[in-house]
Amino acid sequence: VVIATGHVWPEKGKIKGFYDSPWPIEKISRQLNHPVAVIGTSLSGVDTVLTLADKHGKFERDVNGKLQYKPDETADKFSITMFSRKGLLPDLRCHFEYPEHDIYRYVKAPEIETHRKQNGGFVSIDFFFKKYKEAVQKVDPEFYERIKFHDLKSFINFVVRERQQKPPFDWLADEYAASQRSLSEKKPMHWKEILDDVTYSLSFYAKYLNAEDMLEFKRDLMPLASYVIAFMPLESAEKLMALHDAGKLDLVATGQEWSHSTNQGEEGATLRYRKDSKDVYQRFGTVVRATGQQEVSVDKFPFRSLADSGAVQPMSVVYSGAEKAEKEIAAAKGGEQPETTQKGDGDRYYFYPGGIAVDDSFRIKGKDGANPRIFDLAVPHLLGCYPYTQSLPFCNDASRIVVNAIMKEIQKPVVGEWTQRVNDNDAPSTQRQQSG
């Protein structure tokens with residue numbers, strides 16, 4: 001059995017005008033004619049903005065070829081404000097030296113296995129970042145000189161600071177011009193392309209990270225990936241700039257401290273965030289949370305007999321020490337974050353990143369180990385084990401792994417099992433052929 005049930009989006013919320021997800025997009029594909037908040041600036045947020053824009057006006061070019069947005073006469077009160085913690089927009093598509101992903105392009109499988117053996121069975125996020133810098137040094141020595149003394153955390157801060165030096169839509173205009181040059185001159189932006197591939201490679205080994213590294217992957221590297229290597233189409237960027245120029249689109253950086261409140265019987269929500277050391281409250285008739293697919297926990301796993309019998313279990317990784325784990329537990333008790341860290345037997349602590357546990361062939365793992373007959377390829381179930389699932393490339397690579405595992409199993413003699421003759425439909429049901 002191969003579970004491939006696709007995305008899972010929240011059901012319609014209890015508050016009218018407040019959507020926990022934009023999907024399916026039809027639910028917001030209508031005229032609203034009031035201020036709309038879109039929480040999240042990843043590609044999901046961009047898709048949401050452009051869908052709403054198409055329902056309230058049209059894009060057309062002026063005599064100089066510049067794209068402009070013309071709102072409908074009935075949409076005079078319509079506007080969109082995007083919200084994110086850092087106030088960043090996704091990068092744009094550029095020319096790629098290697099258009100297709102390759103799990104082992106920059107970090108080879110034997111290197112990873114040697115590293116694991118030398119590291120107590122774990123992989124280290126620092127090992128992968130070192131491989132990233134080595135690859136960058138070969139093709140872009142100028143950029144390497146700027147990052148050679150960085151670890152992953154300081155590298156992320158460096159990239160964010162560079163982007164925050166300009167207002168987001170001014171930065172977008174510069175990025176648009178740079179991407180156009182990259183495509184027309186067929187010159188890759190190597191540091192982005194390599195970061196994409198190395199992050200993709202690391203995701204296939206994320207289940208072997210310790211908890212400290214897994215937290216860094218999910219909290220630091222994944223947000224970076226969502227805007228640096230999301231690669232928005234140039235047409236989408238051009239439309240965002242046209243919306244902003246028309247006064248219909250703004251972007252607010254909320255920082256870490258923000259919240260929303262809703263009132264029963266009242267549409268939409270009020271968003272609170274900090275600006276210039278003061279609380280700002282904004283009321284929106286429609287709020288759309290566009291923060292992407294979230295992990296499905298074992299208690300929401302759709303095949304309940306598998307969950308109830310212990311055939312599936314939550315994904316977990318162990319902490320290398322108690323210090324970080326105890327800080328996480330204290331933060332959860334203070335209500336600052338979900339309870340994702342728990343103490344196990346003895347002195348061991350575990351981090352539960354969400355989703356279910358699977359082995360390297362995507363077989364579900366339960367209390368008795370991996371089930372040789374049940375595979376799971378549904379992304380919501382896998383985001384704990386595979387945090388960076390790059391859409392179709394991941395579907396392609398994961399499916400190949402599953403098919404190879406099935407073919408190996410088929411070619412093994414299976415002793416003690418009985419199978420009905422495949423091409424003998426008229427045979428009595430008692431006629432069996434023992435394989436193996």
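The values are calculated or read from the model by the stated rules, or taken from the named source; none is laboratory data. Just so you know, these numbers come straight off a predicted model, no measurement behind them. Heads up, the Cβs are rebuilt from the backbone with ideal geometry, glycines too, and the neighbour counts pull from every protein chain shown. Remember, those area values only see protein heavy atoms, side chains included, never the ligands or the DNA or RNA. Shrake-Rupley method; radii C 1.70, N 1.55, O 1.52, S 1.80 Å.
Once the piece of chain linking S261 and T5 is laid out straight, how much longer is it, given 0.36 nm per residue of separation minus the C-alpha distance between them?
My answer for the length gained is 88.9 nm.
What Kirkwood Rh does the chain have if only Cα atoms enter the pairwise 1/r average? Answer in Å.
24.4
Just tell me, in residue order, which DSSP H segments of the chain are both 15 angstrom or longer along the helix axis (alpha-carbon based) and at least -0.5 in mean Kyte-Doolittle hydropathy.
43-56, 125-139, 152-163, 190-203, 234-245, 391-411
Determine the dipole magnitude for the range 330-391: charges of +1 sit on the beta-carbon of Lys and Arg, -1 on that of Asp and Glu, nothing else is charged, the reference point is the Cα centre, and the result goes in debye to the nearest 20.
Here the size comes out at about 100 debye.
Say each of R61 and K186 gets a label point 7 Å from the Cα, pointing the same way as Cα to Cβ; how far apart are those two points in nm?
Distance between the two pseudo-spin positions: 2.4 nm.
Can you pull out the chymotrypsin sites (Phe, Trp or Tyr not before Pro) in the range 134-173 that DSSP calls coil and that have at most 15 other Cβ atoms within 10 Å?
F149
In the structure displayed, which of K327/K367; K192/K248; K138/K187; K108/K138; K343/K367; K192/K218 lie more than 25 Å apart, Cα to Cα?
K327/K367; K192/K248
Considering only protein heavy atoms, what is the solvent-accessible area of Y106 at a probe of 1.4 Å, reported in Å² to the nearest 10?
Y106 exposes around 50 Å² with every protein chain in place.
Could I have the simple spin-label model distance between D245 and K166, label points 7 Å from Cα toward Cβ, reported in nm to one decimal?
In this crude label model, D245 to K166 measures out at 1.5 nm.
Applying 1/(1 + (r/R0)^6) with R0 = 45 Å to the Cβ-Cβ distance of D299 and E134, what FRET efficiency is obtained, to the nearest 0.05?
E between D299 and E134, to the nearest 0.05, is 0.60.
Suppose every Lys and Arg Cβ carries +1 and every Asp and Glu Cβ carries -1, with no other charges. What dipole size does the chain come out with about its Cα centre, to the nearest 20 debye?
Using only the charged Cβ atoms, the result is roughly 260 debye.
To the nearest 10 Å², what's D62's accessible area with a 1.4 Å probe?
D62 has an accessible surface of roughly 50 Å² with all protein chains in place.
Sorted from largest to smallest, which semi-axis lengths in Å does the alpha carbon gyration tensor of the range 181-295 give for its equivalent ellipsoid, taking the root of 5 times each eigenvalue?
Working through the eigenvalues yields semi-axes of 32, 24, 13 Å.
Taking 0.36 nm per intervening residue step and subtracting the Cα-Cα distance, what contour gain separates A178 from D308 on full extension?
Extra length available between A178 and D308 comes to 41.5 nm.
Roughly speaking, to the nearest percent, how much of the range 99-224's 1.4 Å accessible area is carbon and sulfur?
In the range 99-224, the share of accessible area belonging to carbon and sulfur is 51 percent.
Out of the GluC sites (Glu not before Pro) in the range 190-262, which ones are loop residues according to DSSP with at most 16 other C-beta atoms within 10 Å?
Hits after loop and neighbour filter: E257.
Run the quick spin-label model on Q342 and K117: label points 7 Å from Cα toward the beta carbon, then report their separation in nm to one decimal.
Placing both labels 7 Å beyond Cα along the Cβ direction yields 3.5 nm.
Excluding ligands, DNA and RNA, what is the solvent-accessible area per residue of the range 37-111 at a probe of 1.4 Å, expressed in Å²?
Each residue of the range 37-111 exposes 49 Å² on average to a 1.4 Å probe.
Assigning unit charges at the beta carbon (Lys, Arg +1; Asp, Glu -1) and nothing else, what dipole magnitude in debye, to the nearest 20, does the range 43-84 show about its Cα centre?
So the magnitude is around 80 debye.
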